[in-house]
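Q: Questions regarding the structure given below will be posed in turn.
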Amino acid sequence: MRKLSAALLLLLVAATTGRADWTIASAKTETSRDGVQHRHVLLADAGTSEDVTIDLALFSTKSCTLRVIDQSTPPRSDLADVMKQERCLAGVNGGYFSSDYAPIGLVIVDGRTIAPLQRARLLTGVLTASLRGVQIMRTREFPRQQKFNAAVQCGPFLIDLGRPVRGLEETHRARRTFAAVAKPDRAALGFCSETSLAELANILASAQLADDFKISRALNLDGGSSSGFWFAREGDAFSVPEQKSVRDFVAIVPK
């Protein structure tokens with residue numbers, strides 16, 4: 001009986017290790033033209049006294065869609081300049097790229113394939129925009145015959161079927177950028193201050209970051225020093241600048 005109790009205790013500790021109890025400490029909301037909503041959310045973990053900040057640009061896929069903006073040649077502008085120049089409503093940095101700025105994984109810009117779909121351990125999902133709306137799909141689910149206006153392949157998957165994906169990295173903390181979708185017709189681009197992939201997945205799955213936005217799928221985009229977030233509003237835009245030049249951006253634009 002003692003051996004069984006000890007085993008159960010070890011299982012309980014293993015199941016809870018690395019999981020934080022994140023609660024919303026404060027939240028602010030502002031809405032731009034075309035109904036895109038910016039949610040600035042501060043979350044705290046009561047157990048460790050740590051906190052993270054998440055910025056979401058939420059939109060209805062009935063009125064807005066996504067556009068991938070590519071920077072194939074230098075000079076490469078920063079997120080804020082590109083968003084203003086292209087008159088976007090909000091945006092984040094996009095997918096992975098090599099040291100010479102070649103895109104890693106599928107990239108579709110304005111209906112044209114810039115880089116092909118790849119099979120790689122990290123590139124587990126594809127964020128797409130088409131006449132069918134905004135979707136996040138597994139790489140294996142990607143229909144090669146369907147026409148897409150925009151797509152970027154990245155990963156790892158953070159949320160699937162409304163639940164955190166198992167096996168995500170738990171110790172490395174960095175800035176994160178992500179995309180998320182919720183039924184029936186809502187989607188978001190987001191930025192999170194330094195956290196692990198596993199922590200981010202748990203936050204997105206458990207915290208009610210916005211009303212009527214229960215995330216069904218979420219995909220990690222390029223993170224670390226590439227991460228940036230921008231939201232148009234009256235007066236000065238809200239901006240979290242990236243820390244280095246990137247290859248491409250994902251923007252929210254009117255339909």
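Q: Placing +1 at every Lys and Arg Cβ and -1 at every Asp and Glu Cβ, with all other atoms neutral, what dipole size does the range 126-228 have around its Cα centre, in debye to the nearest 20?
A: Details: 14 positive and 10 negative charges, 86 e Å.
Here the range 126-228 has a charge dipole of around 420 debye.
Q: Of Lys214/Lys255; Lys28/Lys214; Lys84/Lys147, which sit over 20 Å apart, Cα to Cα? Write out the running numbers ahead of the final one.
A: Working: Lys214/Lys255 23 Å; Lys28/Lys214 18 Å; Lys84/Lys147 28 Å.
Over 20 Å Cα-Cα: Lys214/Lys255; Lys84/Lys147.
Q: Shifting gears a bit: Dipole of the chain (Lys/Arg Cβ +1, Asp/Glu Cβ -1, origin at the Cα centre): which of Val107, Thr177, Leu221 lies farthest to the positive side?
A: The one lying farthest along the dipole's positive direction is Val107.
Q: Run the quick spin-label model on Leu131 and Ser99: label points 7 Å from Cα toward the beta carbon, then report their separation in nm to one decimal.
A: 4.5 nm
Q: Please compute the per residue accessible area over the range 128-203 with all protein chains in place, 1.4 Å probe, rounded to a whole number of Å².
A: Numbers: 3460 Å² over 76 residues.
Spelled out: the 1.4 Å probe surface of the range 128-203, per residue, equals 46 Å².
Q: For the chain, what is the charge dipole size about the Cα centre, in debye to the nearest 20, if Lys and Arg each add +1 at the Cβ and Asp and Glu each add -1 at the Cβ?
A: Numbers: 32 positive and 27 negative charges, 217 e Å.
Rounded to the nearest 20 debye, it is 1040 debye.
Q: Between Arg33 and Asp51, what is the label-to-label distance in nm when each label sits 7 Å out along the Cα-to-Cβ direction?
A: My value for the distance between the label points is 3.4 nm.
Q: Would you list Arg33, Arg173, Arg39 from the most to the least accessible area, probe 1.4 Å?
A: Details: Arg33 135, Arg173 80, Arg39 40 Å².
Result of the area sort, largest leading: Arg33, Arg173, Arg39.
Q: So which aspartates and glutamates pass the test for Lys183, namely a Cα distance under 14 Å, with those fewer than 8 places away in the same chain ruled out?
A: Counting by Cα, and skipping residues close in sequence, Lys183 has these aspartates and glutamates nearby: Asp160, Asp211, Asp212.
Q: Oh, and also: Measure nothing but the geometry: give the 0 to 90° angle between the long axis through the Cα atoms of 197-206 and the longest principal axis through the Cα atoms of the chain, rounded to 10°.
A: It is inclined by approximately 90 degrees.
Q: Okay, next question. Once every DSSP H run of n ≥ 4 in the chain is given -39500 (n - 2.57) and the sum is divided by its residues, what mean residue ellipticity at 222 nm do you get, rounded to the nearest 500 deg cm²/dmol?
A: Details: 3 runs with 32 residues, N = 255.
Helices in the chain give a 222 nm mean residue ellipticity of -4000 deg cm²/dmol.
Q: Once you order the gyration tensor axes a ≥ b ≥ c over the Cα atoms, which shape class does the range 147-255 get: rounded for a/c under 1.5, otherwise prolate or oblate by comparing a/b with b/c?
A: Details: a/c = 1.44, a/b = 1.14, b/c = 1.26.
Judged from the Cα gyration tensor, the range 147-255 comes out rounded (a/c under 1.5).
Q: If I model a spin label as a point 7 Å beyond the Cα along the Cα-Cβ vector, how far apart are those points for Asp185 and Ser206 in nm?
A: About 3.4 nm, to one decimal.
Q: Just the accessible area for Asp81, please: 1.4 Å probe, Å², rounded to the nearest 10?
A: 80 Å²
Q: Taking the Cα centre as origin and putting +1 on Lys and Arg beta-carbons and -1 on Asp and Glu beta-carbons, what dipole magnitude results for the range 63-175, to the nearest 20 debye?
A: Approximately 360 debye in magnitude.
Q: Compare Thr113, Thr139 by solvent-accessible area with a 1.4 Å probe and give them largest first, with all protein chains kept in place. Let's see the in-between values first.
A: On the way: Thr113 85, Thr139 10 Å².
Greatest to least solvent exposure: Thr113, Thr139.
The values are calculated or read from the model by the stated rules, or taken from the named source; none is laboratory data. None of these values were measured; they are calculated from a predicted model. Glycine gets a Cβ as well: all are built from the backbone with ideal geometry, and neighbour counts include every protein chain shown. Keep in mind that these areas ignore ligands, DNA and RNA; they rest on the heavy atoms of the full protein, side chains included. Shrake-Rupley method; radii C 1.70, N 1.55, O 1.52, S 1.80 Å.
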